[in-house]
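The structure under discussion appears below in the form of structure tokens.
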Amino acid sequence: MEQRHGIGEGVKYGMVIDLDKCIGCGACVTACVAENNTTILEDETNKLKSITWLRLYKFDNSKPYPETEICYLPRPCMQCDSHTPCVSVCPATATDYDPLTGIVSQIYTRCIGCRYCVAACPYHVRYFNWFDAVWPEGTEACLSPDVSPRMRGCVEKCTFCHHRLMAAKSKAALNGSREIPEMDYQPACVEVCPTQAIVFGDLNNTKHRVYELKQSPHAFRLLERLGTEPKVFYTTTRRWIRDMSDNWTDGEKEKAKAHS
């Protein structure tokens, strides 16, 4: 067994998203919806009740033209590695941390709908099902047989397409191996990205691309000062984006500089 380095020990699946490559096309969002049988509401303008496991944000540097710069930021579940907020508060153990993969799971049939995890998550990646799933006539043929639709009254979220991990494990077992090749397990959002802005793999495996990319001097994580150690990294050469990732005010930045 080769030596592992990085977040924790063993296999830790994660992403590195290059914001300089992301063009905001939304292909990753669409692929996520289709792959995971996410229900579509009659009124999708109500963003308080709509469900999008992978949300795409657009923001700018607040400067007038021609100095204006735009950034698109895809935001899946951060799959926190330390003091996972949602796992810590769930009374029904409907969400749990898998030490063998680093993935934060969601067991829908255990969820009692208390929404403690929704309140605890600092990244707003959890969604509550307010309504039963409705599939217009003919669309049921497009549903994935590998992912169960969720019932009303439970919370759901991104799982790094966990069903694809199970399929990759089965394939490896049939080949007499316990190691999963890098390209055998890739979430739908990674697979569909036209600019290859999203790279996925084992953050502790020196043979996987994410291992090298996460060590880039341009790499950062959202709200990193909270100490949750997200397994989703972002990279960009634009400093203003990295500064916004921790949502620091100008006054906090000056205090940090004074104590550094």
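Coordinate-derived values only; no laboratory data. All figures in this text were calculated on a predicted structure; none of them were measured in a lab. Note that we place each Cβ from the backbone using ideal geometry, even for glycine, and neighbour counts take in every protein chain shown.
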Taking 8 Å as the Cα distance limit and 6 or more residues as the minimum spacing, I'd like the relative contact order of the chain as a percentage. 29
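State to the nearest 20 debye the size of the charge dipole of the stretch 13-259 about its Cα centre, where the only charges are +1 on K and R beta carbons and -1 on D and E beta carbons. Walk me through the numbers before you get to the answer.
Values: 29 positive and 30 negative charges, 98 e Å.
Charge dipole, the stretch 13-259, about its Cα centre: 460 debye, nearest 20.
Can you tell me how much longer the chain between ASP96 and THR195 gets when fully stretched, taken as 0.36 nm per residue apart minus their C-alpha distance, in nm with one decimal?
On the way: separation 99, 0.36 × 99 = 35.64 nm, distance 3.27 nm.
Between ASP96 and THR195, full extension yields 32.4 nm more.
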Among GLU191, GLU156, GLU137, the residue with the largest mean-square fluctuation in a Gaussian network model of the chain built from Cα contacts under 10 Å is GLU137
At 25 °C and 0.890 mPa s, grab the translational diffusion coefficient of the chain from Stokes-Einstein with a Kirkwood Rh over Cα pairs, rounded to a whole number in µm² per second. 125
In order through the stretch 19-28: 3J(HN,Hα) via Karplus (6.51 cos²θ - 1.76 cosθ + 1.60), integer Hz, x for Gly, Pro: 6, 6, 9, 5, 9, x, 6, x, 4, 5
Residue of GLY102, GLY26, GLY227 that the Gaussian network model of the chain assigns the largest fluctuation, springs spanning Cα pairs under 10 Å: GLY227
If R₀ is 51 angstrom, what is the calculated FRET efficiency for the pair GLN215 and GLU137, using the beta carbon separation as r and rounding to 0.05? 0.50
Just checking the chain: which Cys have no other cysteine's beta-carbon under 4.7 Å? CYS22, CYS25, CYS32, CYS71, CYS80, CYS90, CYS114, CYS121, CYS142, CYS161, CYS193
Distance between the stretch 97-119 and the stretch 144-206 - C-alpha centres, whole angstrom: 17
Give the Debye-formula value of log10 I(q)/I(0) at each listed q (0.14, 0.19 Å⁻¹), with one equal scatterer per alpha carbon of the stretch 73-128, two decimals each. -0.33, -0.62
Amide H to amide H, which residues 5 or more places from PHE233 or on other chains are under 5 Å from it, using H placed in the peptide plane? MET15, VAL16, ILE17
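Rounded to the nearest 0.05, what FRET efficiency do SER62 and ASP246 have when you use their Cβ-Cβ distance and R0 = 25 Å?
On the way: r = 17 Å, r/R0 = 0.66.
The computed FRET efficiency comes out at 0.90.
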For the stretch 1-92 the GluC sites (Glu not before Pro) that pass both the DSSP coil test and the at-most-15 other-Cβ-within-10 Å test are GLU2, GLU9, GLU42, GLU44, GLU67, GLU69
Okay, which of the stretch 185-202 sit inside 15 Å, backbone N to the point 7 Å along the Cα-Cβ direction of ASP146? 185-192
